[in-house]
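Notes for the one structure printed next.
The values are calculated or read from the model by the stated rules, or taken from the named source; none is laboratory data. What you see is a predicted model; the values in this text were computed from it and never measured. Note: ideal-geometry Cβ built from the backbone for every residue, glycine included; neighbour counts use all protein chains shown.
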Amino acid sequence: MDNFTITTTVTYRPFRVPPRCRKPRQVEETFTMTTGIPSLTSAEAPVACTFDENELLSHSIDRPGAGLRTYNGSFYTLFRDITAGSAHFPAEQERDSWAAEREEAEKEVTDRIGKMIVIDGKVWTSIGEPYYSVTTYGTGHNHGGTGISLNFQYEGVELNSHDYAATELEAAIQGAVEVATRRGDTRYFDHVRRFKGVNVLVPEAFRIVPSHMRKASKEAEARVIAGTVISALAGAFTREDLREARNALKELDDMMYTHGLETVGR
């Protein structure tokens, strides 16, 4: 693996006290920094999945036909079919920042460039792991409908009972059919069954835990919370015990709703 090195001239705006003045003013200053991003061959970053050409995909995917590649535990999508070193992505770049601290301006550059890699000369940028969501609209009984959408998991996104890993397409379709049945969306059975989803080529690249395993984990976590509440209220308790139990019950209620838990055993 080689590196493609980018030299960035950054203009930022720190506060300085001018000569013969007392109050600081925001001025323009520049500095230069270099950032290296991995430059790989296609063998080093294989295609992890492709997409059916008829699927409606996120606007962040510039060329769905290129699929997503995987490298070092992350997924990457082609960045506007740009060649590294070209006028659209030169080795020498400029950035204008309104940051008042140099460290903040440096972080802006590293955050942007750090999302990118070069594969066979083309620039790729990171994207979240794809997963499926069962979505509903309207009030049911074919007023609105039930469907499946393709989403991408980023940091801070917690999946719920209607979300499925990209590796469990059949389970996602079955889950959508069950939701449509409960809602009476009978006209949408064929629609969800035709969903093509992701063509997984490298299963080991996908990290999202399958839905049934997530549910089992949440059931175990919910039992612990329920047990804590039961123990706290089993005998004499203080108002503080009652407040803690109330907060725990709210957490338990939210968890059961989010992850589709109907009952929690002791």
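Checking GLU204 against (1) under 28 Å from the mean Cα position of the chain (by Cα); (2) of a type in the set (D, E, K, R); (3) within 19 Å of HIS259 (Cβ to Cβ), which test does it fail?
Going through the list (1) under 28 Å from the mean Cα position of the chain (by Cα); (2) of a type in the set (D, E, K, R); (3) within 19 Å of HIS259 (Cβ to Cβ), GLU204 breaks only (3).
Filter segment 142-183 down to the residues that are assigned to a loop (DSSP other than H, G, I, E, B), of a type outside the set (Ser, Thr, Tyr) and at pLDDT below 95 and list them by number.
Of the residues in segment 142-183, the ones assigned to a loop (DSSP other than H, G, I, E, B) are 142, 154-162, 166-168.
In the following step, the residues that additionally are of a type outside the set (Ser, Thr, Tyr) were identified as 142, 155-160, 162, 166, 168.
ASN142, GLU155, GLY156, VAL157, GLU158, LEU159, ASN160, HIS162, listed by residue number.
Residue by residue, here is whether (1) within 24 Å of the chain's Cα centre (by Cα); (2) under 30 Å from PHE206 (Cβ atoms) holds:
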residue	(1), (2)
ASN3	no, yes
CYS21	no, no
GLY65	yes, yes
LEU68	yes, yes
TYR76	yes, yes
SER86	no, no
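Among the residues of segment 116-141, what is the count of those that are in a loop (DSSP other than H, G, I, E, B) and either out of contact with any helix residue (DSSP H, G or I) (no Cβ under 9 Å at 6 or more places or on another chain) or in the same structural domain as ALA45 (by TED's automatic domain parsing) (or both)?
Here is the first cut: in segment 116-141, the ones in a loop (DSSP other than H, G, I, E, B) are 120-121, 128, 141.
If we keep only those that are either out of contact with any helix residue (DSSP H, G or I) (no Cβ under 9 Å at 6 or more places or on another chain) or in the same structural domain as ALA45 (by TED's automatic domain parsing) (or both) as well, we get 120-121, 128.
Within segment 116-141, residues that are in a loop (DSSP other than H, G, I, E, B) and either out of contact with any helix residue (DSSP H, G or I) (no Cβ under 9 Å at 6 or more places or on another chain) or in the same structural domain as ALA45 (by TED's automatic domain parsing) (or both) number 3.
For segment 20-34, how many residues are of a type in the set (A, V, I, L, M) and part of a strand (DSSP E or B)?
Number of matching residues: 1.
In a strand (DSSP E or B), in contact with a Ser or Thr (Cβ under 7 Å, 6 or more places away or on another chain) and within 21 Å of ALA84 (Cβ to Cβ), is that true of ILE37?
no
Take ARG102 and decide whether it is surrounded by 13 or more Cβ atoms within 10 Å (Cβ to Cβ) and closer than 30 Å to GLU29 by Cα.
yes
Here's a check for you: in segment 45-60, which residue that is of a type outside the set (Gly, Ala, Ser), in contact with a strand residue (DSSP E or B) (Cβ under 9 Å, 6 or more places away or on another chain) and farther than 13 Å from VAL202 by Cβ is modelled with the highest pLDDT?
Checking each candidate, the answer is PHE51.
Report, by residue number, each residue of segment 179-204 that is surrounded by fewer than 17 Cβ atoms within 10 Å (Cβ to Cβ) and over 19 Å from LEU150 (Cα atoms). Please lay out each step first, then the result.
In the first step, residues of segment 179-204 are kept if they are surrounded by fewer than 17 Cβ atoms within 10 Å (Cβ to Cβ); the result is 181-182, 184, 186-187, 189-191, 193-194, 196, 199, 201-204.
The answer is THR181, ARG182, GLY184, THR186, ARG187, GLU204.
Might you check whether a residue that is out of contact with any Asp or Glu (no Cβ under 7 Å at 6 or more places or on another chain) and within 18 Å of THR5 (Cβ to Cβ) occurs anywhere in segment 21-28?
Among the residues of segment 21-28, not one is out of contact with any Asp or Glu (no Cβ under 7 Å at 6 or more places or on another chain) and within 18 Å of THR5 (Cβ to Cβ), which makes the answer no.
Of all residues being of a type in the set (Asp, Glu) and at pLDDT below 85 in segment 240-266, which is surrounded by the fewest Cβ atoms within 10 Å (Cβ to Cβ)? Just the residue, please. Give the steps one after another, and end with the answer.
Let us first name the residues in segment 240-266 that are of a type in the set (Asp, Glu), namely 240-241, 244, 251, 253-254, 262.
Filter once more, so that each one left must be at pLDDT below 85: 241, 262.
Numbers: ASP241: 15, GLU262: 5.
It comes out as GLU262.
Collect the residues in segment 13-64 that are surrounded by fewer than 10 Cβ atoms within 10 Å (Cβ to Cβ) and under 14 Å from LEU78 (Cβ atoms), keeping them in residue-number order.
HIS59
Just checking, how many residues over segment 173-201 are within 25 Å of THR263 (Cβ to Cβ), of a type in the set (Gly, Ala, Ser) and touching a helix residue (DSSP H, G or I) at 6+ places or on another chain (Cβ under 8 Å)?
Selection size over segment 173-201: 3.
I'm checking my understanding of the structure. Among residues of segment 23-44 that are β-branched (Val, Ile, Thr) and without any contact (Cβ under 8 Å) to a residue 40 or more places away in the chain, which one is farthest from VAL202 (Cα to Cα)?
Checking each candidate, the answer is VAL27.
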